Amino acid sequence: MTRHPVERLVGAVAAVTAVCMLVLGLVIAPVDAVQGQAQRLMYVHVPAAWVAYLAFAVVLVTSVAYLVRRDLKWDRRAQAAAELGTGLTALAIALGMLWGRPVWGVWWQWDPRLVTTLVLLLVYSGYLGVRGLADDAHTNARRAAVVGIVGFVNVPLVHFSVVWWRALHQPPTVLRPGGPAAIEPAMLGALLTGVAAFTLAAAWLYLRRVRALALQAPTAQPLPVMADVPRITVTRGGPA
Amino acid sequence: MTAGWEWVWAGYGLSAVVWAGYAWWSGRGLRGRR
């Protein structure tokens, strides 16, 4: 019997959900009337971005927990979430470029959503860079926690950028202000299954990564308290 | 505008490579341990 049954279970459910996402997204969901087959990239592009937001929210919470508790286990949890969030932000940008080329006719535009997402990627890349600057683990953890907390300000900026500054990128489809989701039910099913698959896969890898980081961390030996130190008796004049 | 499947395969393929790569990279410290 495995020692990590929860991890195994989350991984197995993630794999099944990913297969459902592929069937729904590539077979069941209808072809978009305007964008054609390329619209199917939405079922991976949007989940990558959403799970990146979620990962950065975990960075925020665990960074605050580190600053309050000063326990490196919270720092390891923040690090694992930041790695996932940074990777998924890069993936979301790359998938957006692959979607933009056939639909917009360009790989990249200096659109508010694209620019704020790029800034998000740079901020959390900086977060990962800051972690290696000092020799002391607590110094690195403290600096990273500050970047992790301040950097989260950019997440709502990215999400609402398409509402505040209407430009090339389309506005929110599901979580849009002032109305229900504007999407065909089969497309919505594929999208939500994609979000579930990406969330479960991220949760599985997050648990694994936190465990790996804990194994790599130097064993923190607590300082002995005076009661544990053997008492030494010194007698004047040496042994009799 | 009707775009072909090649963009879809590229995107889904890239996603698979990124997830598999992260799974491999993140599990390095766990080899030999259960």
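Coordinate-derived values only; no laboratory data. In this text, all values refer to a predicted model and were calculated from it rather than measured experimentally. Please note: Cβ atoms are built from the backbone with ideal geometry, for glycine as well, and neighbour counts cover all protein chains shown.
Which log10 I(q)/I(0) values, to two decimals, does the protein assembly as shown give at q = 0.07, 0.09, 0.12, 0.14 Å⁻¹ under the Debye formula with one point per Cα?
-0.32, -0.49, -0.80, -1.04
Of A:Arg131, A:Arg77, A:Arg211, which has the largest mean-square fluctuation in a 10 Å C-alpha GNM of chain A?
A:Arg211
Give me the net charge for the shell around B:Gly4: Cβ to Cβ below 12 angstrom, other residues only, Lys and Arg +1, Asp and Glu -1.
Values: positive: A:Arg40, A:Arg101; negative: B:Glu6.
Summing Lys/Arg as +1 and Asp/Glu as -1 gives +1.
Quick one: which residues, 5+ away or cross-chain, put their amide H under 5 Å from the amide H of A:Asp32? H built at 1.01 Å from N.
The list, which skips near neighbours in sequence, is A:Gln39.
What is the mean number of Cβ atoms from other protein chains located within 10 Å of the Cβ atom of each residue in peptide A:100-106, rounded to a whole number? Could you put the intermediate results ahead of the total?
Values: counts 1, 3, 7, 3, 1, 1, 0.
Whole-number average of other-chain Cβ neighbours for A:100-106 is 2.
Each residue of the range A:197-213 in turn: what ³J(HN,Hα) in whole Hz from Karplus with 6.51, -1.76, 1.60 and θ = phi - 60°, glycine and Pro shown as x?
Each residue of the range A:197-213 in turn: 5, 5, 5, 5, 4, 5, 5, 4, 6, 5, 4, 5, 5, 4, 5, 5, 5 Hz.
Taking the simple approach of a point 7 Å from Cα along Cα-to-Cβ for both A:Thr173 and A:Val150, what is their distance in nm?
It works out to 3.6 nm between the two label points.
Give me the number: length gained by fully extending A:Arg8 to A:Leu188, i.e. 0.36 nm times residue separation minus the C-alpha to C-alpha distance, one decimal in nm.
Details: separation 180, 0.36 × 180 = 64.80 nm, distance 2.83 nm.
Roughly 62.0 nm would be gained on extension.
Order of A:His138, A:His159 from fewest to most other C-beta atoms within 10 Å? Present the calculation step by step, with values, prior to reporting the outcome.
Working: A:His138 13, A:His159 18.
Fewest-to-most ranking of A:His138, A:His159: A:His138, A:His159.
Measuring from label point to label point, each 7 Å out along Cα→Cβ, what is the A:Leu26 to B:Arg28 span in nm?
3.0 nm
Using the count of nearby Cβ atoms within 10 Å as a rough guide to exposure, how do A:Asp135, A:Asp71 rank from fewest to most?
Details: A:Asp135 7, A:Asp71 13.
Ordered from fewest to most neighbouring Cβ atoms within 10 Å, A:Asp135, A:Asp71 come out as A:Asp135, A:Asp71.
Rounded to the nearest 0.05, what FRET efficiency do A:Trp104 and A:Leu157 give with R0 = 30 Å and r taken as the Cβ-Cβ distance? Could you check? Could the numbers behind the result be given before it?
Details: r = 22 Å, r/R0 = 0.73.
Result of the calculation: an efficiency of 0.85.
What is the packing order of peptides A:110-120, A:188-198, A:39-49, B:4-14, taking the mean over residues of other C-beta atoms within 10 Å and listing the highest first?
Working: A:110-120: 18.6, A:188-198: 22.2, A:39-49: 24.9, B:4-14: 16.7.
Final packing ranking: A:39-49, A:188-198, A:110-120, B:4-14.
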